[in-house]
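Take a look at the structure set out below.
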Amino acid sequence: MYPAQVGYYRPDSVEEALDFLDSNEGKVLAGGQSLIPMLKLRILKPKYLVDIGDLKELSFIREGEVASIGATTRHSELASRKVPGLEIVQETASKVGDIQVRNMGTVGGSLGNADPSADYPALFTALDATMVIRSKKGTREVKAGDFFKGAFTTALEPSDILEQIKVPTYKGYRQAYRKVVRRAGDFALVGLALLLKMEAGEVKDVRISFTGVGERPHRPLEAENALKDTKLTDGDVSRAMELAVKGVNPPSDSRGSSSYRREVMKRLLKNTLEEMRGAS
Amino acid sequence: MSYAGKSVKRLYDDKFVTGRSTYVDDIKVNSLYATFVRSNVAHGVIKRMHKEDALKMRGVVAVFTGEELNQLIKGGIGPWTTYIDPRPWKIPLWRFAQGETKYNGEPVAMVVAQDKYTARDAAETVNVDIEPLEAVIDMEEAKKDKVLVHKELGTNLGYVGDFNAGDAEKALSNADRRVEVEIANNRLIPSPMEPRGIVSQYDGANLTIWYSTQIPHFARAEFSRIFNIPESRIRVIMPDVGGGFGSKAHILPEELAVIAASIRLGKTVRWTATRTEEMIATNSRHNVFRGEIGFKNDGTLVAIKGTLDVELGAYLTYTEGLQPTIIPPMIPGPYRVRDLAIRSRAIYTNTIPITMYRGASRPEATFIIERIMSTVADELKMDDVEVRMRNLVREDQMPYTNPFGLKYDTGDYPTLLKEGVKVLEYNKLKEWAESERKKGKKVGVGLAYYLEICGFGPYEYSETRVNEDGSVIVAIGGTPHGQGTETAIAQLVADELQIPIERIKVTWGDSEAIPAGTGTYGSRTLAIAGSAAMASSRQALEKMKRVAARSMKADVEEIEYRNGEFVHKKEGKKMSWDAVAREAYSGKEPGVSASVTLEGDVTFPYGVHVAVVEVDDYGIARVKEYRAYDDIGRVINPALAEGQVHGGGTQAVGQALYELAIINENGQLAVTYADYFVPTAVEAPRFKSYFAEKYHPSAYLTKSKGVGEASLIVGPAAIVRAIEDATGKRFNKTPVTPEDILK
Amino acid sequence: MQVEPGQRVRIRVKVNGVYYEDEVEPRKLLVDFLRENLNLTGTKIGCDTSTCGACTVLLNGKSVKSCTVLAVQADGKEITTIEGLSSDSKLSPVQQAFKDNFALQCGFCTAGMIVQAHYILSEKREMTEEEVRDMIHGNICRCTGYQNIVNAILDASRRMRA
């Protein structure tokens, strides 16, 4: 469990990092909590590591109608900061891995790694966040829904750096990130990001996103649509449960089988919706 | 002044809490690092090895094949003949893989380099051509003998033995009720936190081996046999050892290769397993009992008939031979059933070899008999306590010889159950759980009983030496590695010698500093090594008395010793302990020391444990509370004993709910440490541990029995029972997964 | 700073109050740097997959798993290991509480566990048992069953508030 030989570049700015990545075969290193295990297993053997972990310009949390989170913001910083309208971000960050991992790992690192069982992909998909990506060619924005291409695959090109995540706030929404784990600290067996806006006893808006159930975060739009304008009766909830798993074929692994995961998806959605319904 | 019975603080904790402990990987000695190229098939012919690229790399010293290593590794790893009779066994030669590989993950080549990073780099360039052969991964499939793991054995059945007592067939036909049962424990990974490691130094004549082991003296004997080097020229030193749980009484081909390389190269070579290698090195359990039980309508169990299948993996390890021969005679447990017919089979598969793990055989036997008891209770709609009460061996039957000839020494099993139910508030918990369930919560309470066999002989060594300044060194053959037994033994010795415990140092684990020894395993150390230490200390005290008598010109009978003073009874003259020690080194026959090699035999602690389980809507179960009431004989240090209950109990939680070593169809271990779920503080229950005040002593001088394995022996049965109570479903295996619960 | 594959680079770290400089390959893990280059073997390697926490150290005051940090990432930073928690012969309140509460058995997880305990107590002085359990779930102990560890941390928290 020792990384293969690798070069190392530590830029003083994002600009420098982009220059280097443009002309060298490098892998961006932020906190390393996803990357270093892969280096140790020698699944990845990049020529250079480009260490952006300490670049101040990438570490920030800015509040606003649309909040923005710098890519190298540590999980622990996110977990200790409540952003109005984005309480769910704090909740999610506080559930990543364990304290030590949260102290070192970054939000951008986790997103760039795109583990199919990670927490943030589902979160930012539910929030309809925008990934701001920089390269020598310029800056481009990619919606979370388009960012995650597959297991461990994103819209990031090798010479790209994820700069920040722009997140619309959801004031007046009930928000929750819930995950079922076999053991504390483990990746999600199934995770659910849920935002719900109720007015006068009716669902005005709902956003549902699962992790751990496929190669990418799963946002069941049919279930969302079916819930809109309902009173969230038991019948509405069970209809949404069925729609949430429609067409989903979760993986089977040591955490549980595909059919078990589907069952957990349904129950997680039901319990979280009921919890929110009860909170009114 | 008396130390025994008190929770005296552990004597040697400072080094651990300040980072000055020395485990094998912490030893600073100029050495080369070994790493291994491993087979990626479960069964195959090793065709060709390309090592030229590796040898060209900077810092690479050697690459060895099995052929080369086995020129030095003359004998194979074999069963622990102290406890295992090899005669009925079919045993393949187990050395470093040569010609064929028999399991996925088996080392097939060794790289030696200047540092571990380079060694790994080099290992990646070593190409080993392996032509796959048909493999048999599944134990059920292996039984059919269609694919053989070892052609030369002609079968995959390494052992078949019949354990018959009374007339099971007749008892079954006379029973009021007959029920079929299938009871299984799946494969585990013991997972001591310190991965195994070894450093081997060869100086041309002598071998010095630092080794993360529980059995330095046996290891020396095995190395001697395997390398054909006299024991006198091999020194095995056990540094601090970070847990073993039975898995470090197990010798690996990797370790033999390290020794072979150090001899061949004339250099010091070391290997510390990565966690992945540790997981491949040691798997444990996997046994299935299938059979039929017969019982009367009043709950009396009258017969057990069935077949026990125990998986061996690809080779017979040093310790796994215990299981197929100890599980069957322990199946009757504390109960009176006398008609049993058990066929025990041990089966080779093309998988990671299996070794013993905490409890070794008793957890399997206890799970089987406790599941049987619970089955009887369910079938007859009887209470768990009542059905056990009906079957327990009574006090007037003690000492009791069980149907397979094991002699249960002391105890009062029904009284302990009665007391335990009260102390642990079992009935109150049951009522509480029922009322919670009515409110919609899935909580349950489970109880299980166990009888353990421990305190194994054949012997243990101790030497007590009084130094010139009056301080005392006790050298024991036991090898504590976390249990804290050294502190308990110091307590016993301090009481014997009536001197402050601070003046005593207990030492162990060096095959040259300690002339003989067996080790720490099987909950034996306090009973047997503690008794040996008491005996050697008594003899040393007698010698001190003789010195005092000589000095005070008295007969030894005229000397009385108390509280650190030797008193001439008639004349009232006194000499302090220290003065006598000094005197002992100034006259004739200088020095005071006494050594004993104490023989010992098994003893039988027992107890009742209760688990409280909560199951959530996803089928995820958590053990909220774990309570234990045990008669472990005399308790020397209650806090240390409780620590064993807590630790074993948490491993029981792991076995019952979380831990499962999955081997995929390619024979590959399909879990990493990230998803082999060793419980964390979140999954661990709250413990309440009690010991019977009116204990039943063992025959050992310490009067103690043993507690190291109790909770892992009985815990899985108690926890599974609690899940049944919570869910209303039936489970006869470990682990019970969330999926099983939701099904 | 640019280092070619296979080359070494000089890094400077302050460990337990002492500055050290040494040359390392970029791939060298912080835990190996501490153990091999600085001879600080109190920090242990238990799992390699950032699961077990035996390698926990403080990096600029925050607990991290040093098996999943590169030595170069620690360049210019401050590190505290188990060896740096007690001054002279005086144990820290956490170390003392571990001894007093039988919070260790084999001792292999102890260094990481104690460093983590120091960290969580630096963040939060008063905790419930539940919170302590949650905050140490990145540290695996196979021997103690955790109860005595949790008790020790609660005990240390009381001592530190007294």
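The values are calculated or read from the model by the stated rules, or taken from the named source; none is laboratory data. For clarity, every value in this text was computed on a predicted model and none was experimentally measured. Here the Cβ is made from the backbone with ideal geometry for all residues, glycine too, and neighbour counts use every protein chain on show. For accessibility, only protein heavy atoms count, side chains too; no ligands or nucleic acids. Shrake-Rupley method; radii C 1.70, N 1.55, O 1.52, S 1.80 Å.
Accessible surface of segment C:93-161, 1.4 Å probe: 42 percent of it comes from carbon and sulfur atoms. Here is the interface size for C with B: some 4400 Å² of accessible area buried, both sides summed, with a 1.4 Å probe.
Ranked by the mean number of other Cβ atoms within 10 Å per residue, highest first, peptides B:28-38, C:149-159 order as C:149-159, B:28-38. Applying 1/(1 + (r/R0)^6) with r as the Cβ-Cβ distance of B:Ser586 and B:Lys6 and R0 = 51 angstrom yields a FRET efficiency of 0.90. C:Cys47 contributes an accessible area of around 0 Å² to the protein surface, as traced by a 1.4 Å probe with all chains present. Along the axis of the charge dipole computed for chain B (Cβ charges of +1 for Lys and Arg, -1 for Asp and Glu, origin at the Cα centre), the listed residues B:Ile501, B:Gly667, B:Gly411 are led at the positive end by B:Ile501. Take every Cα-Cα pair in segment B:481-582 and report what % of them are more than 24 Å apart. The proportion of pairs with Cα distances above 24 Å equals 33 percent. Pull out a ≥ b ≥ c, the square roots of the eigenvalues of the alpha-carbon gyration tensor of segment B:79-151, then state rounded if a/c is under 1.5, prolate if not and a/b is larger than b/c, and oblate in the remaining case. Oblate, because a/c is 1.5 or more while a/b does not exceed b/c. Remark: mean inter-chain Cβ contacts per residue of A:253-262 equal 4, using a 10 Å Cβ-Cβ cutoff to other protein chain atoms. Solvent-accessible surface (1.4 Å probe) assigned to B:Arg220 amounts to roughly 30 Å².
Averaged over peptide A:32-41, the number of partner chain Cβ atoms lying within 10 Å of each residue's Cβ comes to 5. Each residue was assigned an accessible area with a 1.4 Å probe, and for B:Trp210 the value is about 50 Å². Cα-based radius of gyration for segment A:174-278, normalised by 2.2 N^0.38 Å, reads 1.03.
What quantity of accessible surface, computed with a 1.4 Å probe and excluding non-protein components, is buried in total between chains A and C, in Å² to the nearest 100? For chain A against chain C, roughly 3000 Å² becomes buried. Please work out the C-alpha center-to-center distance from segment A:1-35 to segment B:1-33 and express it in whole Å. Centre-to-centre distance over Cα atoms comes out at 41 Å.
Taking trypsin sites (Lys or Arg not before Pro) across segment A:154-193, the ones in a DSSP loop with at most 11 further Cβ atoms lying within 10 angstrom of their Cβ are A:Lys171. Quick check: Cα centre of segment C:43-104 to Cα centre of segment B:123-171, how many Å? Comparing the Cα centres of segment C:43-104 and segment B:123-171, I get a distance of 45 Å. Just want the answer: with Cβ charges of +1 for Lys and Arg and -1 for Asp and Glu, which residue in B:Asn427, B:Thr351, B:Asn402 is farthest toward the dipole's positive end in segment B:334-455? Going by the charge dipole, the pick is B:Thr351.
Once the partner protein chains are put back, segment C:114-162 shows a loss of at least 40 square angstrom of accessible area, versus the chain by itself, at C:Arg133, C:His137, C:Ile140, C:Arg142, C:Cys143, C:Gly145, C:Tyr146, C:Gln147 (probe 1.4 Å, ligands and nucleic acids excluded). The radius of gyration of the Cα set in chain A, together with its Dmax, comes out at 19.0, 62 angstrom. Amide H contacts of A:Lys143: A:Met131, each under 5 Å away and 5 or more positions distant or on a separate chain (H built 1.01 Å from N in the peptide plane; Pro and chain starts excluded). Take B:6-14, C:66-74 and order them by the average number of nearby Cβ atoms within 10 Å per residue, most first; the result is C:66-74, B:6-14.
Phi angles across segment A:144-150 convert, under the Karplus curve 6.51 cos²θ - 1.76 cosθ + 1.60 with θ = phi - 60°, into 3J(HN,Hα) values of 3, x, 9, 6, 8, 8, x Hz, Gly and Pro given as x.
Fraction of C-alpha pairs exceeding 20 angstrom in segment B:601-665: 44 percent, rounded to a whole number.
When the other protein chains are added to the chain by itself, burial of at least 30 square angstrom of heavy-atom accessible area (probe 1.4 Å, ligands and nucleic acids ignored) affects these residues of segment B:612-632: B:Asp617, B:Tyr618, B:Ile620. Expressed in Å, the radius of gyration and Dmax of the Cα atoms of the protein assembly as shown are 31.0, 106.
Comparing the full protein assembly with the isolated chain (1.4 Å probe, heavy atoms, ligands and nucleic acids excluded), the residues of segment B:109-129 losing at least 40 square angstrom of accessible area are B:Lys116, B:Tyr117, B:Arg120, B:Asp121, B:Glu124. Among the protein heavy atoms of segment C:9-84, carbon and sulfur supply 40% of the accessible surface, probe 1.4 Å, non-protein parts ignored. Neighbouring Cβ atoms from other chains, within 10 Å of the Cβ of residues in A:92-101, number 6 on average. Charges were assigned to the Cβ only: +1 to each Lys and Arg, -1 to each Asp and Glu. The resulting dipole of segment A:7-51 about its Cα centre is roughly 500 debye.
Hey, what D do you get for segment C:93-161 in µm²/s if you plug the Kirkwood alpha-carbon radius into Stokes-Einstein at 37 °C and 0.692 mPa s? For these conditions, the coefficient is 286 µm²/s. Accessible area per residue for chain B is 33 Å², calculated with a 1.4 Å probe on protein heavy atoms, without ligands, DNA or RNA. The spacing between segment B:410-424 and segment B:357-386, judged by their C-alpha centroids, is 17 Å. Summing Cβ point charges (Lys, Arg +1; Asp, Glu -1) relative to the Cα centre of the protein assembly as shown gives a dipole of roughly 720 debye.
What the Cα atoms of segment A:7-51 give is an Rg and a Dmax of 10.5, 31 Å.
Rounded to the nearest 20 debye, the dipole size of segment A:174-278 about its Cα centre is 300 debye, using +1 on the Cβ of Lys and Arg and -1 on the Cβ of Asp and Glu.
A 1.4 Å probe run over segment A:7-51, with the rest of the protein chains in place, finds 38 Å² accessible per residue.
The packing ranking, built from the mean of other Cβ atoms within 10 Å per residue, places the peptides B:165-176, B:525-536, A:200-211 in the order B:525-536, A:200-211, B:165-176, highest first. Of the residues A:Ser13, A:Ala30, A:Ile43, the one whose Cα sits farthest toward the positive end of the charge dipole of segment A:7-51, with +1 on the Cβ of Lys and Arg and -1 on the Cβ of Asp and Glu, is A:Ile43.
Restricting the trypsin sites (Lys or Arg not before Pro) of segment B:46-123 to loop positions (DSSP other than H, G, I, E, B) with no more than 15 neighbouring Cβ atoms within 10 Å leaves B:Arg58, B:Lys74. Heavy-atom accessible surface of segment A:156-229, averaged per residue, reaches 35 Å², computed with a 1.4 Å probe.
The GluC sites (Glu not before Pro) found in segment B:642-682 that occupy coil by DSSP, while having at most 12 further C-beta atoms within 10 Å, are B:Glu665.
The apolar share of the surface of chain A, taken as the fraction of accessible area on carbon and sulfur atoms (1.4 Å probe, ligands and nucleic acids excluded), comes to 47 percent. Working note: Cα atoms of chain B, range along each principal axis, descending, whole Å: 81, 73, 48. Here the 3J(HN,Hα) profile of segment B:50-57, calculated from phi with Karplus coefficients 6.51, -1.76 and 1.60 at θ = phi - 60°, is 9, 10, 4, 4, 5, 5, 7, 6 Hz, Gly and Pro shown as x. Take the accessible area of chain A alone and of chain B alone, subtract that of the pair, and you get about 2300 Å² summed over both chains, using a 1.4 Å probe.
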